[in-house]
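Here the structure comes first, spelled out in structure tokens, and everything after it is commentary.
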Amino acid sequence: MHFTVDDEAAFLERRDALREQFATWLQSHQMAGYPAIADLLMHWKVGYADGALDRWSVADVETFLFDWCLRVLSAPPRACAEIPPSVAAFVEFLADTGLLAPGGDLPAEVRRYCEAETTRFVEEMAAPSRTIAGLPDIDDADGEDDEAPVIGPVRLPSEQERRDAVRAIPVLRQLRALARYCPPPGRQLTGKGNLRLADARELVTTLETGDDPDFGGRRTLTSAEDLPGLSWLFDLALQAGVVRRSKGRLLAVARFAALGELEAHERVVRAAVVAGLSGPPNPFFPALAQVQTVADECVVGLLADLLDAGADGLPRESLVGTMAELLDAIFLGLPPLVELTMPGWVETQLERLARLGVVTIDGDQVTLTAAGLPVAVALVRDAGTEVLLRPDPPDATPAATADLLGWLDDAEWMDDASAWIAVQPDPETAVDRLMAEVCAERQQPAAVLAGLGLMADLAGDRALAAVRQQLGGPHDGLLVTWLAERSAIQPETIDPVRLFSGLVEILLVALDVEGPQEVVAQFGVGDRRQQLDVLDRIGRLTHPRLPELLEAIDAHHPDKAVAKAARKALGRYRRRTAADPTR
């Protein structure tokens, strides 16, 4: 029952056994709780606390709830409300089965704390200012974040293409028809707030839901909830604000009726995603409900994959694999029952996304539609992932075009850049404007260097003139060196510090893109004496990444004298900056 982060295999085996025992215990004692939450609790104890699964205190529970969960978990309020009681139930399970060791707090104390803090926990989990850091692996207790992912570039459809696609979505017509069916004072509902049977039968025909209210003559309709197609539309209409319940009646909402077609579509899709797209939970396996809730939240991950895939889309199997990876990362392993059930959830999610006009399913291939692309971009961005857009050249800005450097291949970028220049009233001024954005401070040196070469291929001498206008700017050294290499500027007229600063930038680009061998290949131009002279000069600079460059030359240069000179220059640099940190 005691593990460290190095005992991953043993911990996972013990965790799985405890989860199964806990699930059986919950069922036999008719206790409220979710084994999946116990998984998270045990993961936290081993990865971030003392690793003792058999000893628990109120302080442990407080740290788990109000530190770890707030940093790494995302869940709707109803799911958050189940976390504290599940924690209390797990401690009670350990005590009842003789697995709880002395030294912690009594289970009753843990239970009282969890019950007292549930409301505050739900409120803090729902706070809009909360930042979710992500769930690290068990062997990554430092929680070191990877570089944030970037999706795209994504080319959005034109507004007309999007409107045409939205107008072809049957669900929107069905929802507006349902609203028209409920003018003031509205339609009477049953005592449980459902549609009356007569209304349900009429709407099945009016809305063309595909339901059979007679069930092929096998049984009698007793509730509108027995009609899955109509029930989904009814719940979606309520969630999206198309209709509302008021004093026992179903009433159309005028505010939704006034929305434009694009705004209405996005609201309906968002409402469907929030409500969950995988269908109702299985009543025979209540323990799956928590995992299914998380799977519905992970739909945004499927949309991100589809955005990144572009016009070709992805096979269904790939999206099922994405969902499995997301759930496995959150729950640190999936029980066999989840592995069996999860593909069906994804299938239902995709089918409903298709009904909402977000995706098209052609055989096994799934692609985003012109209506779904902009909504997917908005949802993925809301989830905290950057999506890079690729505007149509006539509608682009020079900044947006320049920012695609490095994200598009060279030929695609030149196509977009030349198309943008072609529609500008003054092509020469357009080259100057685009070059200014290529050389802007926000651009990384690798992007600047790539842009300079592409602009030279695109605009020739005009590009060289445009580069000269950017001298003295944030990438001055790189620009000076680039111009000198093309004999577009006389090196003897330039301060050597500017030239060698540019050389450092170019070599650092080579280091980042190709590695240290490329640095040595580019640096090794000229004889040993010239290389030693260059090392002496760049060693006097104060570039913050100069140590990386000197270390690469020291470690990989085949000439021992040059490598030794790089090592000495590195030592001088460190002594100099240590004596004067402001440098």
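The values are calculated or read from the model by the stated rules, or taken from the named source; none is laboratory data. Please read these numbers as outputs of a predicted model, since none were measured by experiment. A quick note on method: Cβ atoms are made from the backbone with ideal geometry, for glycine too, and the neighbour counts reach across all protein chains shown. Just so you know, the surface numbers come from the protein's heavy atoms only, side chains and all, with ligands and any DNA or RNA stripped out. Shrake-Rupley method; radii C 1.70, N 1.55, O 1.52, S 1.80 Å.
Got at least one residue in the range 10-25 being within 20 Å of Met125 (Cβ to Cβ) and not aromatic (Phe, Trp, Tyr)? No, the range 10-25 has no match at all. Residue-level analysis places Glu492 outside the set of residues that are open to solvent by 80 Å² or more (accessible area, probe 1.4 Å), under 44 Å from the mean Cα position of the chain (by Cα) and acidic (Asp, Glu).
Residues that are under 15 Å from the mean Cα position of the chain (by Cα) and in a helix (DSSP H, G or I) were ranked within the range 366-403; the one that is modelled with the lowest pLDDT is Asp382. Step by step: first the residues of the range 65-122, then only those that are within 19 Å of Asp50 (Cα to Cα) and of a type in the set (Phe, Trp, Tyr), then the one that is modelled with the highest pLDDT. Which residue is that? Filtering first and then ranking leaves Phe90. Summed over the range 538-562, the residues that are assigned to a helix (DSSP H, G or I) and surrounded by fewer than 16 Cβ atoms within 10 Å (Cβ to Cβ) give a count of 5. Of all the numbered requirements in (1) free of Cβ contacts under 8 Å to residues at least 24 places away in the same chain; (2) open to solvent by 40 Å² or more (accessible area, probe 1.4 Å); (3) more than 30 Å from Leu389 (Cα to Cα); (4) not in a loop (DSSP other than H, G, I, E, B), Ser231 misses one, and that requirement is (2).
Scanning the range 503-518 for residues that are surrounded by 14 or more Cβ atoms within 10 Å (Cβ to Cβ) and within 36 Å of the chain's Cα centre (by Cα) yields Val504, Glu505, Ile506, Leu507, Leu508, Val509, Ala510, Leu511, Asp512, Pro516, Glu518. Within the set Arg498, Arg575, the sole residue that is surrounded by fewer than 15 Cβ atoms within 10 Å (Cβ to Cβ) and either of a type outside the set (Gly, Ala, Ser) or free of Cβ contacts under 8 Å to residues at least 24 places away in the same chain (or both) turns out to be Arg575. Every condition in (1) touching a residue at least 60 places away in the same chain (Cβ under 8 Å); (2) buried (at least 16 other Cβ atoms within 10 Å of the Cβ); (3) more than 30 Å from Ala329 (Cβ to Cβ) holds for Leu236 except the one numbered (3). Give Glu347, Glu325, Glu351 a once-over and let me know the one that is surrounded by fewer than 18 Cβ atoms within 10 Å (Cβ to Cβ) and either in contact (Cβ under 8 Å) with a residue 12 or more places away in the chain or polar (S, T, N, Q) (or both). Exactly one residue qualifies, and that residue is Glu347.
Of all residues in the range 271-303, those that are part of a helix (DSSP H, G or I) and either at pLDDT 90 or above or under 20 Å from the mean Cα position of the chain (by Cα) (or both) total 17. Restricting attention to the range 343-356, the residues that are in contact with a helix residue (DSSP H, G or I) (Cβ under 6 Å, 6 or more places away or on another chain) and in a helix (DSSP H, G or I) add up to 5.
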